[in-house]
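Here the structure is laid out as structure tokens; the discussion comes afterwards.
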Amino acid sequence: MPDIVEMHLKLLFDLDNLISDMEDESYKKIGFQIEEAASDALINKRNQLLRQLPRELGEIYEILKKRYRQAIAPVESEFCLGCFQKLPTQLAAQSQNILTCPNCGRILYWRPKN
């Protein structure tokens, strides 16, 4: 996966999680609040990032976002951490490409090995 596309996907993922948390009633009950202008700025930034992705990938991301809370999933030890299924061995060899999990369909990314 090209580095810039992967970076945009990860940022989009993080923004979606933050926006989801902002809208969660349980967070509001404990006092987690954000001003409307800041919320609008986050949503605008999210939409900007989405437009910077290749069109087809952006569409896939949005479809997956409607199906799952998390549209992308990291791969660790050959397992998709979205559905916890072992991935076919040949996928690891293609880790530089944009791939989806054959089981759940989430967009996969490989974490750098330490």
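The values are calculated or read from the model by the stated rules, or taken from the named source; none is laboratory data. Small disclaimer: the values here were computed from a predicted structure and weren't measured. When we count neighbours, we look across all protein chains shown, and the Cβ atoms used for this are built from the backbone with ideal geometry, even at glycine.
Filter the range 69-82 down to residues that are touching a residue at least 12 places away in the same chain (Cβ under 8 Å) and loosely packed, with under 15 Cβ neighbours inside 10 Å and give me whichever is farthest from Met7 (Cα to Cα). In this case the residue turns out to be Glu78.
Look at Tyr109 and say whether it is at pLDDT 90 or above and buried (at least 16 other Cβ atoms within 10 Å of the Cβ). So Tyr109 does not fit the description; no. The sole residue among Ile43, Ile34 that is at negative phi, exposed (fewer than 14 other Cβ atoms within 10 Å of the Cβ), β-branched (Val, Ile, Thr) and touching a residue at least 12 places away in the same chain (Cβ under 8 Å) is Ile43.
Inside the range 63-114, can you point out the residues that are in a strand (DSSP E or B) and among the basic types (Lys, Arg)? Once the filter is applied, which keeps residues that are in a strand (DSSP E or B) and among the basic types (Lys, Arg), the range 63-114 yields only Lys86. In the condition set (1) exposed (fewer than 13 other Cβ atoms within 10 Å of the Cβ); (2) free of Cβ contacts under 8 Å to residues at least 24 places away in the same chain; (3) of a type outside the set (D, E, K, R), Pro54 is compliant with all but (2). Residue count for the range 100-114 satisfying the condition of being touching a residue at least 24 places away in the same chain (Cβ under 8 Å) and in contact with a strand residue (DSSP E or B) (Cβ under 7 Å, 6 or more places away or on another chain): 9. Residue-level check: of (1) modelled with pLDDT of 90 or more; (2) among the hydrophobic types (A, V, I, L, M, F, W, C); (3) within 19 Å of Asp3 (Cβ to Cβ), Leu64 misses just (3).
If I ask for residues that are touching a Gly at 6+ places or on another chain (Cβ under 8 Å) and farther than 13 Å from Phe13 by Cα, which ones from the range 33-69 would you list? Of everything in the range 33-69, those that are touching a Gly at 6+ places or on another chain (Cβ under 8 Å) and farther than 13 Å from Phe13 by Cα turn out to be Arg51, Arg67.
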